[in-house]
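What follows draws every value from the coordinates through simple rules; no lab data is involved. None of the values given here were measured: they were computed from a predicted structure. Here the Cβ positions follow ideal geometry from the backbone for every residue, glycine too, while neighbour counts run over all protein chains shown.
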Amino acid sequence: MTTTPPAPNTTGARKSFWAKYGYTIRQFFKFGVVGGSGVLVNLLVVIVCKKLYADYEMPLFSLFGTQWSIRLYHLYATVAFLVANTWNYQLNRMWTFKSRHHGGWMRGFFPFLAAGLAAFVVNVIVQTLLINPTSPVALPREVFDDSNGFRTLLYWATLIGTLVATPFNFVLSKLWVFAGVRAKNVRAKEAPRAGE
């Protein structure tokens with residue numbers, strides 16, 4: 001007599017997966033939506049900066065006496081980062097991690113800024129590699145010749161750098177900046193059950 005093994009219970013596995021990771025996946029989606037709006041804010045600030053002074057590759061000062069320089073687009077990236085980071089912090093605080101009642105605004109902003117700085121470093125490195133004509137991954141100047149907005153090298157480098165840096169920002173925000181929010185939300189949900 002032969003018996004056929006029971007079919008694997010994929011429904012239970014899916015439920016287990018969503019029970020374990022669903023909250024984080026939803027947070028990552030919300031973080032992505034907020035981040036998408038932040039990308040637009042970041043890009044808008046860069047566009048405004050470039051309109052104010054178009055020579056974005058102009059060297060500002062030498063980097064510790066080396067052949068490398070901090071260039072104007074690094075300054076643009078810094079200004080855009082600060083504006084977009086503040087924008088993203090407020091939206092993430094209110095919507096993604098729901099931390100309106102979690103300490104003061106400034107108390108949470110500086111860890112978020114610090115987490116954002118790590119992502120900003122990744123962004124600037126990627127941006128520099130894409131703009132620098134001697135880089136092996138430089139965007140082709142014959143395509144991105146700055147002849148119009150869609151072919152502006154700075155805009156594409158900014159966009160790609162921001163997209164590459166987003167996962168770093170999410171992980172640091174979830175595990176460090178808003179870590180206490182998750183614990184507080186879990187305690188708040190369990191409190192009515194304890195009183196029943």
**Report entry** Residue-span extension gain [VAL164 to PHE64] - 0.36 nm each, minus C-alpha spacing
**Finding:** 33.3 nm
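Would you mind calculating the gained length between ILE125 and ALA54 on full extension (0.36 nm times residue separation, minus the Cα-Cα distance), in nm to one decimal? List each step's numbers first, then the result.
Numbers: separation 71, 0.36 × 71 = 25.56 nm, distance 2.10 nm.
My answer for the length gained is 23.5 nm.
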Query - Leading residue at positive end of dipole, the stretch 88-146 (Cβ point charges), from TRP95, SER135, GLY116 - result: TRP95
Query raised in the report: Out of the stretch 73-139, which trypsin sites (Lys or Arg not before Pro) are coil in DSSP terms and have no more than 13 other C-beta atoms within 10 Å?
Result: ARG100
Query raised in the report: With each label point set 7 Å from Cα along the Cα-Cβ vector, what nm distance links ILE25 and PHE150?
Result: 3.5 nm
**Report entry** Cβ crowding within 10 Å averaged over residues, with 60-66, 49-55 ranked highest first
**Finding:** 49-55, 60-66
Query raised in the report: Say each of THR78 and TRP105 gets a label point 7 Å from the Cα, pointing the same way as Cα to Cβ; how far apart are those two points in nm?
Result: 2.5 nm
Query raised in the report: What is the sum of charges around LEU113, taking Lys and Arg as +1, Asp and Glu as -1, for the other residues whose C-beta is under 14 Å from the C-beta of LEU113?
Result: +2
Query raised in the report: What is the spread of the Cα atoms of the stretch 45-90 along each of their three principal axes, largest first, in whole Å?
Result: 39, 23, 8
Query raised in the report: For the stretch 37-114, what is the per residue volume of the convex hull drawn over the alpha-carbon atoms, in cubic angstrom?
Result: 103 Å³
Query raised in the report: So what does log10 I(q)/I(0) come out to for the stretch 24-177 at q = 0.09, 0.20 Å⁻¹, using the Debye formula with one equal point on every Cα and no solvent?
Result: -0.31, -1.21
Query raised in the report: What residues qualify as long-range amide H neighbours of SER69, i.e. H under 5 Å apart, gap of 5 or more or another chain, H built at 1.01 Å from N?
Result: LEU63
